[in-house]
Structures are given as C-alpha cells and as structure tokens.
Amino acid sequence: MTRKTGLVFFPAYDYAISPTHPEREERLLYTQDQVLEEGLFDFDNIREFKPGIATPEDICRVHFCVPDLDTVAHASHLIAAGGCLTAADKVMSGEVDNAFALVRPPGHHSFRVVHGSRGFCTLNIEAVMVEYIRHKYGVRRIAIVDTDCHHGDGSQDIFWHDPDVLFISLHQDGRTLYPGSGFVDELGGPNAFGATINLPLPPGTGEQGFLYVLDDIVMPIVEAWKPDLVVNSAGQDNHYSDPITQMAFTAHGYAELNRRLAPDICVLEGGYSIQTALPYVNTGIILAMAGLDIAHVREPDYDAFDHRQPGEITDYLRRLKEAVFEQWHARSTLKRRFYPDGEFHTRSKDIFYDTDGLREHQRETVRICPDCGGTIVTDSRCDDTGNRILGITIPFHACDACRHHGEHQYEAAPSGRNLHVILQDKDRDRYLVRT
Amino acid sequence: MLLGIDVGGTHTDSVLLQDRTIVAKAKVATDTADILGSVLRATCAVADVERLKRVERIVLSTTVLTNAVAQDQLDRVGLVVMNGPGVAPADLPLAGETTIVAGYMNHRGIEAEAPDEPELNALADAFARDGIGHVAIVGKFSSRNPLHELCAAKIFVARARHVSLGHQLSGQLNFPRRIATAYLNEALWSLHARFVEQLAGYLAEIGIDVPLYILKADGGTIEVARSRDCPVQTILSGPAASIMGVLPLVPTDVDCVSIDIGGTTTDIALFAHGAPLLQPQGADIGGHRTLVRGLLTRSMALGGDSQVRVIDRRLVIGPERQGSAMAFGGPCPTPTDALIASGRADFGDKAKAAQAMADLARDLGRTPEETATAVVAQACDHIADHVRGMVAEVNAKPVYTIHELLEGRVIAPKRLIAVGGPAPCMADEIGVRLGMPALVPPNHDVANACGAAMARTTVELNLVADTEAKIMSIAELGERVKIPKRFTDEDVIAAGRERLLRIAREAGAREEDLAVEVTDRQSFNVVRGQFNSGRNIRVRVQIKPGLTHAGTGPSEVRP
Ligand SMILES: [Zn+2]
Ligand SMILES: [Zn+2]
C-alpha cells in the first residue's frame, strides 16, 4: 500500500568541515542526481518540502551550548535541525503519513552539553526534533531506532534519564569503531532503566544479520514498549562500500529495514560512501517509506555471492539476542543492582570532541524519582576553552518535588565570571541563564 | 516586418508587426480538420503575396499537436527502455507499452551494465514484423552518457521509419519524464513532419522564401525545418504565445503577474524582472509529465463562461462551462452576464444578462444588482487567491544551498497584466485585491499572435565536466569530449557558450538576440581517499525566452 511521504532534502552545497572531509559539500550530490533521475519527486504520493530554520528556543530545549549558540553552531546546523522540524510538522499535521529529513550535517554524536563539534556533529538534530514534537504536539512516548553504523552516543546521553523515550542503537561494536561506546549493559539511568538498548554488531554484518536483529530484537521491544511515534536515525555508513566503517549492509537491506520498521520520521545521520552507497540507499529508503516496490533497489556492483553471511556472525547475533532479552526480562532486578536506593545518582564523564580537539569534564547528578524523569544537574567544564556551566534540566512532566529541587538549585547555585548557571525547564519550555 | 499566427481552438489570429506596432491584424475561424487551411487564410487576411515576400520572418503557434495528444491520435511507438535497478519497471510511465532491455549508466555517466546487442536485434526484428515503424529509446542517465542510446539507435534505425532518443530532447535528469518525452516525440513525429512539409511546400509554391519558425513551449522559436527532430517541444506553443504576447508590457525593473481570462479557464504566469518563469522540471502535456522546457503557468477552472449556480444559498462559480453566457444565447448564468448586468461590460444582450442575474438573485435572496456585483467580486477573489497561491508555491520551491535559503530571491509581483475577453472589465478589481496596479494591453485580443511574432530563438545546453575522468559531456548534443585535468568552470562555460551560439544560429536565431545566460553553475571536489582527485562541474547555459530585436529596424514599407 502506498503512503504519502514528505521529503525535506537539504544538501547544503555550500557547507563543509574541510574540502576533503568525509562530511563535505558534495556528500548528497550524487544522491540528488539519483533521486532526480529516478523521478521520485514526481510520484503523486511523494512531496518535497523546503526546510525551516530551527530557532534558539528549539535548540535550547535540548542543549546547553557553551559559551553560546552562535559560537558553536553555524547556519547549516540550524537548517539541518529545522529540516527535521519541518518533517515533524508535516507528519504531525497529517499532511503526509511519514517523512524523511534528508539533511546534513548530522547530529547523533552531540551530547546535551555542546562545547564544540564531535563525530562531525554539533547539534543533535533528531533530539531537537523529538523535544519539539513533545513540546508542540504533546506526544508522550517516542522510540528512536538509530541505524547509523556508529553508536548514537549523543542521543543516548540526552535521553539517558528519560522514561518516555526509547532509544535503541544498532552499530558496529564499540571495540572496533568510534566512539567506542554502546555496549549491551548500557541500559539507561535510574529513572529510565531499560529505555536505552544497545545492540553492538560484529564487523561484516550484512543484510541478513541486520534484518535478523530488526525482526528478532528491535521489533519485539518496540512493540512491547508501544510508542506513539517511531523515529529512525537513518545513518547509512553500515553500507559495504563505506570508507570509514567495516560493515556489509546493502541498499536493498536499508530499504527493507525501513519497510519493516515503518518509522514515522527518518533523519539522515552518517554515510560517507557518497558515490557508491548513498544514491542507492536513499532511493531505497524513500521508495520503502512511500510504500513503493523496492525489489529492484540494488547497487551496480552488488553481488549476492559476496554477501553470504559467515557462520560466526549468525552465531554471534543469536547470542546477542539471548543476552539482550535476558537483561530485558530481568530489568527490574538489574536496576536495583545498578542503582541502589538513594536520593541522587551521579556519574562522571570525560567527553572528547574529536572534530574540534576539545576535552570536557562533566559531573551529572540526577534526582532519583519514581514519578518523573528526574531533575538533572550537569556541571561541565572545558579546560581548553576555559568555559564552565552548571546546567539544571527540569524534565517534561516533572513532579513537584523535582521542580522544587531544580528551581532551588538554579537560585542557590553560585555564579561567577567563568560560570554560567542555566535552567533548562522542558516542562514549562523556558531557558534561563544567570551569569 | 514580422508575421505572427496563432492557431487557437476556435480562432486563428494573425498579426503583421512593424517596430512592435500592429500594422494589420485578422481573426478567422479555425477549421480543426484543416489547420493548414486556417493558417493560410489567416495569412492572406493580413498580407498579399507581395507583402509577404517582404516579411522578415513568419512565426507560428499551433494546436495541431496539442489536439492530437488530447484526442489520442498518436502513432504506435516501440518504447525501448534501459532501466537498470531502481524504481520498479511497473512504476514507470507508459509501463504497458514499454520493453525493458539490458544496459544502464550510473550517475557519473559510467557504464554500469552494457546493452545486450542480440537482445536489441531480436527486438528490432519483432518491431519490424509487427509493423512498428516508430521507436523511442531511453536509457537511465543517458543525459550523462548517451552511448547506450546511440548504440541501440544504430540497431533500430535501419528497420524503423524514425527513432527518437531520450538524451536529444533534454539534458536534464529525470528518467520517467525522459521516457514520456521521447514517447510523445515519436508518437507525434509523422503528424508534425507532414504538417511542416505541407506548409513549406505551399509557401514555396506561391513563391515565398521567408524564414518560417514555430513557437516552442518555452516561448522561444525554432526554425520549422529544425523542429522536425523535436515536435514534442512545440506541443504547448499556444500557452507560450499567450505569455510572450504580454511581454512587451512587462516591466523589467519589478516582478509581475499576468492573467489570461478565457471562457472556461484563467491562466496565470509570473515574470521575474521581465523574464517569464520556466517550469522547474518540465511541462505537463496531456497528462504526461515531460522534460519539455515550458513556461510556468497555472490554470484555474474559472472563466467568463463558467457556470454560476446557487447551492445552499451560496454562489458557486465553475468549474463547468455549459456554453456561452446567457447574454450570448447560452443556457445558464455566467460571470460575463454579471459583468454586463452590473454595467461593467457593454456588449451582448443586456436583457438576457439581467434575466440571468434575476434567476440567481431569487435563489440567493438578494437583489439582481447585488447578485451581479457579488458574482464579479467572488470571481475576482477567486482569481486573486490563485495568484497568491501560485506566488507562494514558487517561493516555497526547495533550494539546496544555505546562501539561497537565507538570502534567496523571492518573487514579489508589483504589477498585474490581464488579457482575454473579460479582462478589461475585471482587471482593476483583481488588481485592487492584490494591491497592484492592473494593465490591459491594447490589442489584447491578438496578444497570442503578437507573442509568437516577437519571440526570439531559445536554446538550452547542460554540460557536466568530470576532470577526474577527463570527460565533458554535453547532454543535448550527445557529445562526450576529452578535457584536460586542469579544466575549470570558466572553460566549461566557454565550451557551452560556443556550442550554444552555434546551435542557436542553426535554429535560426538572429545575431542581435544571442545573449547567453549561465543559469546554473556548480563545482564540486571529487575526493578519492584523503585526496582531491578532480572536480565535477555542472553548467547550464541558455538563450532565455524574450523578445527578438528583429522587426524593430527601419522599414522600407509603410502600410
Ligand atoms: Zn555514523
Ligand atoms: Zn520527579
């Protein structure tokens, strides 16, 4: 059955990190050629939309930009995020059934605090979109399935404590690839334990393996969790031709994955094989979302014989499934072991910004709360820039206790010349800065 | 002097122009069974043979092909499509008439799969056996590399009457549209060839040796002999003539909108600082989406003869037309009757117009005078809404750079130009609603023929240079030439300019009209590993639609 699909295509032909960087101007050039040549915009059920531009309010609902938004972000980031918001608006208003934000630069490596760029990302565009949807349309439960080859560590960080956002990341095993995280035992914070699921896959995993993981692990969890909206963080660097990863996924596989997952919104993330993968993968995803025939989606150099799945991958994935469900079923017991009773839980993070060469030290304290996501206090400093912030996040649907705690922290915190105290009040949609 | 002839559905108009002034004009009835005869009668009505001999050129806009498409008088075409992977064959246009064969190019114009010669030979035999003399061959990405289409053409051309190739009709990307374009071109080829031969034959017979042109959908002219290869480009010459007809009045310092209020429909067009806007992808022709370069128009189902009814005590105008206005003996009330009854127009049978309004007024519970005013107001509201909608739609067109998104050109019309029968009686009221002054050109009744007469020759070329592969392809010419590794954007533009001028001259352009415009220019790195291994340069050059300078010089004859 065909579906009305919205496409926000924004290749940002005048933006690059550097001329030969993988995330560069012509990244979507050949995709545009292919999509135009295939005539996809002419299908009656596919419509192209111009991206909007995200506002500072949209960004501040997610991020603490240090020292401020203008310093860390470029117009391209606001348009990429804006493109996601346009996609969301078209779906939420019912103008289309689903939408694909085919935009760059990407965002899933950006954490709640942003001192600079990491993993080619500055602003977490789908997190900005998710918070926009919750704020503007009051949607309660959202599932993000991150199918980029890299662990979506930024999205995981942002939604770690959020019981209303299910975050599932499929990625090449962190022991073999940037950012080196995303292991099976990373399951979320004390107030959202089990709402984060990580599925590290062995290098060489291809179509058969991905679809097995989707059918046997991802779909049962998504279905049990009953989201109101499903987002695919649709990176394309699992492709067999990608220059910076070691996976073996195919264009047809990406199309089939999206057909089965049937996300409401897709957001492009990574994918750096700009000539031999992206044109075909994107064609496949668009056809799949629009409910059109994907049987003929294939790369010119694809050879089924080369793509048989090695036995050890089959075995590994079966063991992965067992491990994931063992944890999933025992999640209440596991939670007590991970987070013994107490009023607060604190974790420390050292975050490296590979793109900008910065290092951030962070202490994050969440109020353990059975009634809401819990107020989070983030103390972050970057010695390379000398910037420091104390960020207080009051969650959506905050309980009274968490609200009082958050407001008190904001008022009581000592501020100084080098310490900005910020209140990010998601529930009342306000962002206050005390310098 | 220039002679312009516009063959419309009911009338064929002709004008003789000198210095953009009408020297003579005429209207004759169109005989749809004998278009050539209509053309000749319209010609004779403005000039005798002696005068015709002194005409600099004759330009024709005709509906011969438009009608053929509408009435499905199309030749059977053997449609040969090299699809490769991607969209399923069943989802391609004309899937029922298509034969899919092996072979396709990738997005850089590199062969991904070779055609299968025995397969093509067998198909050519089958076509010959079935008496299919018209063949259209279309390959994926053939506008990046036409080699496969050319190879296949060699096989089919020996046994077919004529073969159309996708890449020759447009240099743009869009495979499904390329299929539809090549198909229509081939399906109309014989009809057009016959018409052109008869016309040229007749003019030669009476001793007239004047360059003869035909108007294309993009508002440009092409010499009739050259048009034989690309009949599909001339299908929409009628609407193009109407837009070109208002061009002399279009200001070049501001944006502007034109409306052509006809009997059943009103057509809207936009002008950016004097230049008519083109369809971004290509024109829609008889339900086929094509790659034919066409002027941008929006048609709405509201005209002077639209049926006006009262439904649930509300006025409803259109979309049907039952006949002419009651004031002209028609069967039901129309906006034209409202114009007459309210005193805005002074023609037709006033009593019948008043009766039309009285009928509506009864159902509406208002006076006939109020009703007439309300009909006109509602029609004007409706047209103004559509104009605003079209402007918004054009401005919502996606752009692909940050610069364009933040600082891109926005179309903001400041003038309204109205043509068509009811135009003089409605223009001001529509203008007021849009907040812009309205203008009705004198002689707007023959605006189309004037537009045809004054249009200049247009040509477009798409070039892609790949300095890594050291190849430059010029789509429309089917050319692939070797280039040095250091080839720059400027070199590509220069190469495009040189070829564009050559083709324009061959198509009959005049030297003074040869203003080359670069409409698209993009240049990207081709990166291999960590290194820059070349550049991918895309350039589009055109001679844009506009008015010719011809016929504006001193003349040896005076009317
Ligand atoms: Zn990635
Ligand atoms: Zn709480």
Open item on the list: Kirkwood Rh over alpha-carbon pairs of region B:460-543, then Stokes-Einstein at 10 °C and 1.306 mPa s: what D in µm² s⁻¹, rounded to an integer?
Closed with: 120
Task: Given charges at beta-carbon only (K, R positive; D, E negative), |dipole| of region B:78-187 in Debye - done: 360
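With n ≥ 4 as the cut-off for DSSP H runs, can you work out [θ] at 222 nm for chain B, using -39500 (n - 2.57) per run divided by the number of residues, rounded to the nearest 500? Spell out each step's value before the answer.
On the way: 16 runs with 191 residues, N = 559.
Estimated from H runs of four or more residues: -10500 deg cm²/dmol.
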- [ ] Let me know the charge dipole size of region A:346-435 about its Cα centre in debye, to the nearest 20, where only the beta-carbon of Lys, Arg (+1) and Asp, Glu (-1) is charged.
- [x] 180
TODO: State the dimensionless ratio Rg/Rh of chain A (Rg: radius of gyration of Cα atoms; Rh: Kirkwood radius).
DONE: 0.95
Open item on the list: Need one value: the accessible area of A:Thr276 in square angstrom, 1.4 angstrom probe, rounded to the nearest 10.
Closed with: 60
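Starting from the Cα coordinates of region B:179-282, work out the convex hull volume and express it per residue in Å³. Write down the numbers at each step before the final one.
Values: hull volume 14.4 nm³, N = 104.
Looking at region B:179-282, the number lands at 138 Å³ per residue.
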- [ ] May I have the extent of the alpha carbons of region B:78-187 along their three principal axes, as whole Å values ordered from largest to smallest?
- [x] 36, 25, 24
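If packing is taken as the mean number of other Cβ atoms within 10 Å per residue, what is the order of B:525-535, A:46-56, A:248-258, highest first?
Details: B:525-535: 14.9, A:46-56: 19.0, A:248-258: 25.6.
Ranking the peptides B:525-535, A:46-56, A:248-258 by packing returns A:248-258, A:46-56, B:525-535.
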Open item on the list: Counting only Cα atoms, I'd like the Rg/Rh figure for chain B, Kirkwood definition for Rh.
Closed with: 1.00
Open item on the list: If I histogram all Cα-Cα distances within region A:341-434 using bins 10 Å wide from 0, what percent of pairs lands in each bin?
Closed with: 17, 44, 30, 9, 0
TODO: Using DSSP to define loop residues, name the GluC sites (Glu not before Pro) in region A:57-155 whose beta-carbon has at most 15 other beta-carbon atoms within 10 Å.
DONE: A:Glu95
Task: Percent accessible area from carbon and sulfur atoms, chain B, protein chains only, probe 1.4 Å - done: 51
Open item on the list: Using +1 at the C-beta of Lys and Arg and -1 at the C-beta of Asp and Glu, which of B:Ile430, B:Leu295, B:Val481 has the Cα lying farthest in the positive direction of the dipole of the protein assembly as shown?
Closed with: B:Ile430
TODO: Can you find, among B:Val246, B:Ala509, B:Thr181, the residue farthest towards the positive end of the dipole of chain B? Put +1 on the C-beta of Lys and Arg, -1 on that of Asp and Glu.
DONE: B:Ala509
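Once you have the Kirkwood Rh of region A:57-208 from its Cα pairs, apply Stokes-Einstein at 4 °C and 1.567 mPa s and quote D in µm²/s.
Numbers: Rh = 15.9 Å.
Taking Rh from Cα pairs, D becomes 82 µm²/s.
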Open item on the list: Report the Rg/Rh value for the protein assembly as shown, based on alpha-carbon coordinates and the Kirkwood definition of Rh.
Closed with: 1.04
- [ ] Give me the aspartates and glutamates in straight-line cross-link reach of B:Lys482: C-alpha distance below 18 Å, same-chain residues under 8 apart excluded.
- [x] B:Glu111, B:Asp466, B:Glu468, B:Glu490, B:Asp491, B:Glu498
Open item on the list: Report the B-A buried area as the accessible area lost on both sides summed, probe 1.4 Å, in Å² to the nearest 100.
Closed with: 3800
TODO: Please work out, to two decimal places, the log10 of the ratio I(q)/I(0) at q = 0.16, 0.24, 0.25 Å⁻¹ from a Debye calculation in which every Cα of region A:1-64 carries one identical scatterer.
DONE: -0.77, -1.03, -1.05
Open item on the list: What do you get for trypsin sites (Lys or Arg not before Pro) in region B:377-480 restricted to DSSP loop and a cutoff of at most 15 other Cβ within 10 Å of the site's Cβ?
Closed with: B:Arg409, B:Lys470
TODO: Sort the following peptides by mean Cβ neighbour count (other Cβ atoms within 10 Å, averaged over residues), highest first: A:2-13, B:365-376, A:349-360.
DONE: A:2-13, B:365-376, A:349-360
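Using only Cα atoms, what Kirkwood radius does region A:191-300 have, in angstroms?
Details: mean 1/r = 0.0694 Å⁻¹.
Its Kirkwood hydrodynamic radius stands at 14.4 Å.
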Task: Solvent-accessible area per residue for the protein assembly as shown (1.4 angstrom probe, square angstrom) - done: 37
Task: Average beta carbon contacts from partner chains per residue of B:82-92, 10 Å cutoff - done: 6
TODO: Of the listed pairs A:Lys4/B:Lys140; A:Lys226/B:Lys397; B:Lys216/B:Lys485, which have alpha-carbon separations greater than 30 Å here?
DONE: A:Lys226/B:Lys397; B:Lys216/B:Lys485
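Under 8 Å for C-alpha pairs, at least 6 residues apart: give me the relative contact order for region A:1-128, rounded to a whole percent.
Here the relative contact order equals 33 percent.
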- [ ] Give me a single rounded figure for B:98-107: the average over its residues of other chain Cβ atoms within 10 Å of their Cβ.
- [x] 3
Open item on the list: How big is the dipole moment of the protein assembly as shown about its Cα centre under a simple scheme where the beta carbon of each Lys and Arg is +1, that of each Asp and Glu is -1, and everything else is neutral? Debye, nearest 20, please.
Closed with: 1060
TODO: Counting other Cβ atoms within 10 Å, keep those with at most 14, restrict to DSSP loop, and tell me which trypsin sites (Lys or Arg not before Pro) in region A:385-424 are left.
DONE: A:Arg417
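Any idea what diffusion coefficient region A:249-291 gets from Stokes-Einstein, in µm²/s, Kirkwood Rh on alpha carbon pairs, 20 °C, 1.002 mPa s?
206
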- [ ] Highest first, please rank the peptides A:24-36, A:262-274 by the mean number of other Cβ atoms sitting within 10 Å of their residues.
- [x] A:262-274, A:24-36
TODO: Putting +1 on Lys and Arg Cβ atoms and -1 on Asp and Glu Cβ atoms, find which of A:Ile217, A:Leu69, A:Leu334 reaches farthest to the positive end of the dipole of chain A.
DONE: A:Leu334
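In whole percent, what relative contact order does region B:471-542 give with Cα contacts below 8 Å and a gap of six or more residues? Don't skip to the answer; put the middle values down first.
Values: 77 pairs, mean separation 20.5, N = 72.
28 percent.
Residue by residue through B:162-174, how many Cβ atoms from other chains fall within 10 Å of the Cβ on average? Mind dumping the intermediate values first?
Details: counts 0, 0, 0, 0, 0, 0, 0, 0, 0, 0, 2, 8, 8.
Going residue by residue through B:162-174 and averaging, the value is 1.
Given a cut-off of under 8 Å on Cα pairs at least six residues apart, what relative contact order in percent is computed for region B:88-195?
Numbers: 151 pairs, mean separation 27.8, N = 108.
Rounded, it is 26 percent for region B:88-195.
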Task: Interchain or long-range residues, amide H under 5 Å from B:Leu295's placed H - done: B:Asp218, B:Gly219, B:Gln279
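The values are calculated or read from the model by the stated rules, or taken from the named source; none is laboratory data. Values in this document were obtained by computation on a predicted structure and should not be read as measured data. We place every Cβ from the backbone using ideal geometry, glycine too, and count neighbours over all the protein chains shown. SASA here: full protein model, heavy atoms, side chains in, ligands and nucleic acids out. Shrake-Rupley method; radii C 1.70, N 1.55, O 1.52, S 1.80 Å.
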